[in-house]
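Shown next, in structure tokens, is the structure this report addresses.
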Amino acid sequence: MLSYSRVRRAHAAAATAALLFGMTACGSDGGSLPRPHRTQAPPTPQFARTVGPLTQDQARRSVLTPEDVGPGWSAGALEDGVPDPGDEPFPKSAGSRACDKALDDTRTGATRVTVGAEREFEQDGTGVKVIVSTHVHSGDGAVVQLRWTRAMVESCGDVDFPVADGAAAVRYRAIAAPVVGDEAVGMRMVMRPGVNPGTAATTGDIITVRVGPNTVTVLVVGDAGLDPVVLERLARRAGERLVTATRE
């Protein structure tokens, strides 16, 4: 049984960077990052008034399959999670007033995940991992997660968040996300060396799609990165599967 914390806390600065720090400590230099850009404003919800929380079976059926991902990847087992008691998915700012205000505006307390399922894929020959997770959030937790992610990439892109006891710092940048579901947000996480001169910069990309109280995240970690076209395809397919699951 997996814990929901791994991917849900990929929305949280310290935990995400800790994941990157542990999985890709010898990553790229981050020099080819796209320029930060504003994310698309959330569209008028199409499902929020009618879609309820997925059941465990629906959550499992919503996760990408090996057929969705295609050849050239190995797939792990489909796993269920255990309920996460929840915490506040907000980091502390490094001193930017604009960032502080944006994050303060998103704070509504702890969020809680009640149901979820996950599968991990690894690209042959590159070591790149794609972790796809469906989560059901209690209350307005799903909306809070997307609101927080949007605030991070739009208002905190030039802010360094210290992690790993000060050994590194992480920045968050916007990346393209498909138009699917109620809303979708893409984020690139770049962890740069801090006091530890032997630590190379590492990156990770995550796209989150929301449909009502349900979200699906596609998290990419690995030295080689993933072609943006492939990431967009996987995120779009993951969102489509989530939409389909809510209609079953």
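Quick check on the stretch 48-59. Is at least one of its residues of a type in the set (S, T, N, Q), in contact with a Phe, Trp or Tyr (Cβ under 9 Å, 6 or more places away or on another chain), modelled with pLDDT of 80 or more and open to solvent by 30 Å² or more (accessible area, probe 1.4 Å)? I'd like the intermediate steps shown before the answer.
From the stretch 48-59, those of a type in the set (S, T, N, Q) are 50, 55-56, 58; that's our starting set.
Right, trim to in contact with a Phe, Trp or Tyr (Cβ under 9 Å, 6 or more places away or on another chain) and you get none.
No: the stretch 48-59 contains no residue that is of a type in the set (S, T, N, Q), in contact with a Phe, Trp or Tyr (Cβ under 9 Å, 6 or more places away or on another chain), modelled with pLDDT of 80 or more and open to solvent by 30 Å² or more (accessible area, probe 1.4 Å).
In summary, F90 fulfils each of the numbered conditions (1) out of contact with any Phe, Trp or Tyr (no Cβ under 9 Å at 6 or more places or on another chain); (2) at pLDDT below 75 with the single exception of condition (1). Among the candidates G81, G95, the residue that is modelled with pLDDT under 95 and part of a strand (DSSP E or B) is uniquely G81. Among the residues of the stretch 141-160, those identified as out of contact with any helix residue (DSSP H, G or I) (no Cβ under 7 Å at 6 or more places or on another chain) and either free of Cβ contacts under 8 Å to residues at least 60 places away in the same chain or not charged (D, E, K, R) (or both) are G141, A142, V143, L146, M152, V153, G157. Taken over the stretch 131-168, residues that are on the phi > 0 side of the Ramachandran plot and at pLDDT 85 or above amount to 1.
Got a sec? Which of R192, R233, R171 is basic (K, R), modelled with pLDDT under 95 and surrounded by fewer than 22 Cβ atoms within 10 Å (Cβ to Cβ)? Exactly one residue qualifies, and that residue is R192. Considering the stretch 195-211, and only residues there that are modelled with pLDDT of 85 or more and buried (at least 24 other Cβ atoms within 10 Å of the Cβ), the residue that is farthest from R173 (Cα to Cα) turns out to be V211.
The values are calculated or read from the model by the stated rules, or taken from the named source; none is laboratory data. All values derive from a computational prediction rather than experimental measurement. Counting neighbours? That spans all protein chains shown, and the Cβs are built from the backbone with ideal geometry, glycine included. These area figures cover heavy atoms from the full protein model, side chains too; ligands, DNA and RNA do not enter into them. Shrake-Rupley method; radii C 1.70, N 1.55, O 1.52, S 1.80 Å.
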